[in-house]
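S.K.: Please read through the structure below; I'll follow up with questions.
Here, each number is a calculation from the coordinates, and none is a lab measurement. These numbers were taken from a predicted model, which means no experiment stands behind them. When we count neighbours, we look across all protein chains shown, and the Cβ atoms used for this are built from the backbone with ideal geometry, even at glycine.
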Amino acid sequence: MGILEGDKVTKFFGGLAAVFDVDFDINKGEIVGLIGPNGAGKTTLFNMISGSLSTTGGEIRYRGKRISNLKPYQICKLGIARTFQSVKLFANISVFDHVFLGSICGTESRTKTADAQRKAATLLEMVGLSARKSDLARNLPLAEQKRLEVARALSTEPQVLLLDEVMAGLTATELTSFTTLIREIRNEGTTILLVEHVMQAIMDISDRIIVLHHGVKIAEGLPREIVTNKRVIEVYLGTDAYAEHQQP
Amino acid sequence: MDTPRALLKKSIFPSLLVLFLATLPFYMPPYTPLAVTSILMYIVLTVSWAMFCGPTRYISLATATFFGVGMYTSAVLGERLPLPLVVACGSLVSFLIGLLTGFICLRLRGFYFAIFTFGLNELVRNFVLWWEGRVAHTVGRWVVLVDSLTIYYYMLVIVLLTVLVAFFISRSRYGLILLSIGEAEEAAAHIGINVTRYRIFFFALSCLFMGMAGAVMATKWAYIDPRIAFNPVLNFTPVLMALFGGVGNVFGPILGAGVLTLASEILLSRFPYYYMLLYGILFIVIISFLPDGLVGLSRRWRENPLIS
């Protein structure tokens, strides 16, 4: 039994199956990548796990307990946090207060102000935003905004972290430091499920990959297995990726 | 967050102002407390509106409804209970109706929330009008008379209460929570904030103070009917005053209400034919140059002392 399981998870929007009969089993401490072309249902699946969307069918379990159709704030308090495909920060709130707020509200029991402040400072140190702690979120460049979103998610003390295209729009340097950050988060004990289009990064960092296409899981396995999978190459990767991976 | 010392320093001017207002009746002509009572009323309505609607950006156009509820509570209970109890009841009834309203319009946001609240006022006003006409057979009510000085001091205390509550909320974790709901509600929900709970409670809290003011003002106006108590203009005035003064902190609404009420009194006495026009022009000019309101202006002066 993994820390996060999905059993025939399905979501219909009217007659359209955005996600259909998707099973997954994430083990504690894993970094699992979720890839697929646009419209494959990746963010929809994330939305169902985090509680933004209700499931039409199937069940999602966290540590054995059913969480599908709970409210987002309840799921957060249980220990699942996420970032968003388009950054959803509190524009006129300071960097420090973002993480402070998460520390206060994200935990099951009431947190004291002093403790929350200490935790916020530590987290900002971890993501490298300590120097910016008084800046308003809207004044940050994109890479730092993404780091802040990650820090805010981490402030709720999650056991599972969902990262939705967190590397989109980053330069090569930013990508490398982000990859390091994600590994560091996993080393602290957090399980990570990430959606990405940046192939280099996700193949590099994931223990396992799940591939979605038109709402259905078409492949699952180790990165090297996925990259050589004919169906995956056909619908998403293209032959260049296969060629790239073949190089020593 | 300020240190206690900085806070003490900042409270010197407000404390002096309160002292000045408290001793006003002793050295000003008798009309002054009467005029100031109106200003105090607008301050309470504006500050309590801004308490919830400022940070969360849910524009409520139902201020008159909760103010009117307080008025009617006062009219009904005024003869049977002492004034403090009447005010308490007015506050409580407004609070409860505020809870109910918040619960009903949970799924509404932005524009739809504003329209709903506006419609609520129409509904309540017309319902009470119908009830009084068809069921009770007497439209309007007389309210027990209270002397103007007592009314003045009651309103002063209510202003103090409202401002202090608004101030401490804005500085607390709840202020931050309300702000986050206004900035990115979905993200706020995902960091463990039970948005529903905070929306309903703080909306009702703002209604409580509106009802409190209504309960007292009813005794000043002495006669109320649905058109007076649930006057739709009173839905918009606090919004305009809050925007004029700036919704970023507690002082914006106070400044906005104070300045605009004063301005309208002066304009009314000097230009009885054109005062509405001039009032409108004044408002438009200020908002065009100061989208953050008057408070934004003072902030700019502080940040750029060399630029006027």
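S.K.: Amide H neighbours of A:Leu53 under 5 Å, counting only residues 5+ apart in sequence or on other chains, H built in-plane at 1.01 Å?
M.R.: A:Met48
S.K.: Another question, if that's okay. Quick check: from the Cα gyration tensor, does chain A come out rounded (a/c under 1.5), prolate or oblate?
M.R.: Oblate.
S.K.: At 7 Å along Cα-to-Cβ for each site, give me the label-to-label distance between A:Glu234 and B:Ala263 in nm.
M.R.: If labels sit at A:Glu234 and B:Ala263, their model points lie 7.0 nm apart.
S.K.: Give me the aspartates and glutamates in straight-line cross-link reach of B:Lys220: C-alpha distance below 14 Å, same-chain residues under 8 apart excluded.
M.R.: Within the straight-line cut-off, B:Lys220 pairs with B:Asp147.
S.K.: Specify the inter-centroid distance of region B:223-245 and region B:33-92, based on alpha-carbon positions, in whole Å.
M.R.: Region B:223-245 and region B:33-92 have Cα centres separated by 11 Å.
S.K.: At what distance in nm do the modelled label points of B:Arg5 and A:Asn38 sit from each other, each positioned 7 Å from its Cα along Cα→Cβ?
M.R.: Going by the 7 Å Cα→Cβ label model, 5.8 nm.
S.K.: Something else about it: To the nearest whole number, what is the average tally of beta carbon atoms from other chains within 10 Å of the beta carbons of peptide A:90-101?
M.R.: Per residue, the number of nearby Cβ atoms from other chains is 4 on average.
S.K.: Per residue of B:175-182, count partner chain C-beta atoms within 10 Å of its C-beta, then hand back the mean as an integer.
M.R.: Per residue, the number of nearby Cβ atoms from other chains is 4 on average.
S.K.: How much of the pair distance distribution for the protein assembly as shown lies past 45 Å, counting alpha-carbon pairs only, in percent?
M.R.: Across the protein assembly as shown, Cα pairs with separations above 45 Å total 30 percent.
S.K.: Residue by residue through A:146-154, how many Cβ atoms from other chains fall within 10 Å of the Cβ on average?
M.R.: So the per-residue partner count for this stretch is 1.
S.K.: Any idea what angle helix A:113-127 forms with the longest principal axis of chain A, computed on alpha-carbon atoms, 0 to 90 degrees, nearest 10?
M.R.: 50
S.K.: Of the peptides B:73-86, A:172-185, how do they stack up when ordered by the mean number of other Cβ atoms within 10 Å, highest first?
M.R.: In decreasing order of mean packing, B:73-86, A:172-185 become B:73-86, A:172-185.
S.K.: Among residues other than B:Gly90 whose Cβ falls under 15 Å from its Cβ, what is the net charge (Lys/Arg +1, Asp/Glu -1)?
M.R.: Net charge around B:Gly90: +2.
S.K.: Show me the ranking of peptides B:14-20, A:33-39 by mean Cβ neighbours inside 10 Å, starting with the highest.
M.R.: For the peptides B:14-20, A:33-39, the packing ranking is A:33-39, B:14-20.
S.K.: Here's a follow-up. Give the calculated FRET efficiency between A:Glu225 and A:Arg66 to the nearest 0.05, with a Förster radius of 30 Å applied to their Cβ-Cβ distance.
M.R.: Efficiency, rounded to the nearest 0.05: 0.45.
S.K.: Given a cut-off of 23 Å, name the pairs among A:Lys65/A:Lys119; A:Lys146/A:Lys230; A:Lys11/A:Lys42; A:Lys71/A:Lys133; A:Lys28/A:Lys112 whose C-alpha atoms lie farther apart than that in the structure shown.
M.R.: Flagged as over cut-off: A:Lys65/A:Lys119; A:Lys146/A:Lys230; A:Lys71/A:Lys133; A:Lys28/A:Lys112.
S.K.: Quick one: Debye curve from the C-alpha atoms of region B:130-189, no solvent, what's log10 I(q)/I(0) at q = 0.12, 0.25 Å⁻¹?
M.R.: -0.66, -0.99
S.K.: Right, another one. Just how large is the dipole of region A:91-155 about the Cα centre, in debye to the nearest 20, putting +1 at every Lys and Arg Cβ and -1 at every Asp and Glu Cβ?
M.R.: For this selection, approximately 40 debye.
S.K.: Then there's this: Once Rh for chain B is found with the Kirkwood sum over Cα pairs, what is the Stokes-Einstein diffusion coefficient at 37 °C and 0.692 mPa s, in µm²/s?
M.R.: In µm²/s, the coefficient rounds to 162.
S.K.: Place the peptides B:250-257, A:189-196, A:59-66 in order of packing, highest mean first, counting for every residue the other Cβ atoms within 10 Å and averaging per peptide.
M.R.: In decreasing order of mean packing, B:250-257, A:189-196, A:59-66 become B:250-257, A:189-196, A:59-66.
S.K.: Right, next: Using only helices, what value at 222 nm comes out for the protein assembly as shown when you add -39,500 (n - 2.57) per DSSP H run of length 4 or more and divide by the total residues, to the nearest 500 deg cm²/dmol?
M.R.: -19000 deg cm²/dmol
S.K.: Now, a different point. What spacing in nm lies between the two simple spin-label points modelled at A:Arg183 and B:Leu145, each 7 Å away from Cα in the Cβ direction?
M.R.: The two pseudo-label positions are separated by 8.6 nm.
S.K.: For helix A:172-187, report the angle its Cα long axis makes with the longest principal axis of the Cα atoms of chain A; keep it between 0 and 90° and round to the nearest 10°.
M.R.: Roughly 80 degrees, rounded to the nearest 10.
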